[in-house]
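Notes follow the structure.
The values are calculated or read from the model by the stated rules, or taken from the named source; none is laboratory data. Just so it is clear, the model here is predicted, and its values are computed rather than measured. Every residue, glycine as well, gets a Cβ built from its backbone with ideal geometry; the counts of neighbours run over all protein chains shown. Accessible surface is based on the protein model in full, side chains and every heavy atom, while ligands, DNA and RNA are left aside. Shrake-Rupley method; radii C 1.70, N 1.55, O 1.52, S 1.80 Å.
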Amino acid sequence: MLGERGEDNFTYCPATGLAKGNEDSEFAGWAFPFPGVFLVEEFISEDEECEIVELMDRDDWKLSQSGRKKQDYGPKVNFKKQRLKAGSFTGLPSFSRKIVAQMKACSVLRGFFPVEQCNLDYTPERGSAIDPHFDDWWLWGERLVSLNLLSKTVLSMSCDSEDTIQLFPTSSKGQLSPPGSFTQTSACRNSGEEGIEGVLCPRLVPSKEVVVAVPLPRRALVVLQGDARYKWKHGIHRRHIEHRRVCVTFRELSAEFSAGGRHEELGKELLEIALSFQGRPV
């Protein structure tokens, strides 16, 4: 379970695309570009949210790990053996047709065709959380799309890489200081010390020491792709579940199951089932 270790020390800013050091951390005043996160607030209305959750609650929720409950709409998969079949999959639920249609307005979701939907139910009473993890990339494609319902939460992004991250000082307006300020000098070895010109130089920190909080408002849609999908793990701390929260995650097919891929025909079959929008939880 995701415990209280790994405190978030940076917070993602959607307006700038930067991860900014938290004021109460040693990284206050520092930031770095954090690509691969796309956030749309108020993606659906409050009435639509109520209707969606009411329709979900008409079906059974199955107990899952770490205090969560779930509903799955997708093919039968054995990720370890890399085996896949339609099984009892009858498609995404009817209420998702409108959600998927609205996604087409997002340029980052051009050509996104969900083949699987997973609903997760979190409550503080059950101590719900989810450990830092990568979603599979044998079957699932680059973009992970989640709709956050009923309450706000925080997605915590962490990295196990041995790499270092280059931090830059931020200006009074919260932007990165101009690149011209980053002339290395003998008095400034990328350590965050002041150089000869009196300007803070970039600072290198181990990736493992960085945890980026991505605040998810109620009814927000978040897309993870690129580095945020393949380099950074995502998880949710118990302390960030203050009320009931329902998350709807949509996944697309990987290249192996798409046009020109080794399992293109199976991919076509699964997409046809998924986009019939006649499904019940499997």
- request: Could you calculate the FRET efficiency of Arg83 with Lys233 from 1/(1 + (r/R0)^6), where r is the beta carbon distance between them and R0 is 25 Å, rounded to 0.05?
  value: 0.50
field: Acute angle (nearest 10 degrees) that the helix 46-56 long axis makes with the longest principal axis of the chain, alpha-carbon atoms
entry: 50 degrees
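Could you give the length gained on full extension between Lys70 and Glu269, defined as 0.36 nm per residue of separation minus the Cα-Cα distance, in nm?
Working: separation 199, 0.36 × 199 = 71.64 nm, distance 2.45 nm.
Gain on stretching Lys70 to Glu269: 69.2 nm.
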- prompt: Calculated from the structure, Cα extents along the principal axes in Å equals which of [x] 95, 48, 42; [y] 67, 45, 35; [z] 49, 46, 34?
  reply: [y]
- prompt: What percent do you get for the relative contact order of the chain when only Cα pairs under 8 Å and 6+ apart count?
  reply: 32 percent
- line: Per-residue ellipticity at 222 nm attributable to helices in the chain (runs of n ≥ 4 DSSP H, -39500 (n - 2.57) apiece, nearest 500 deg cm²/dmol) works out to -3500 deg cm²/dmol
task: Treat each spin label as a single point 7 Å out from the Cα along the C-beta direction, and report the Ala101 to Phe277 distance in nm.
output: 0.5 nm
message: Loop by DSSP (not H, G, I, E, B), at most 14 other beta-carbon atoms within 10 Å: where is the longest site-free stretch of the chain for chymotrypsin sites (Phe, Trp or Tyr not before Pro)?
response: 139-282
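On a 1.4 Å probe surface of the protein chains, which of Leu204, Leu216 comes out largest in accessible area, and what is the full order?
Numbers: Leu204 85, Leu216 10 Å².
Final ranking, largest accessible area leading: Leu204, Leu216.
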- line: The FRET efficiency for Ser161 and Asp47, from their Cβ-Cβ distance with R0 = 45 Å and rounded to 0.05, is 0.55
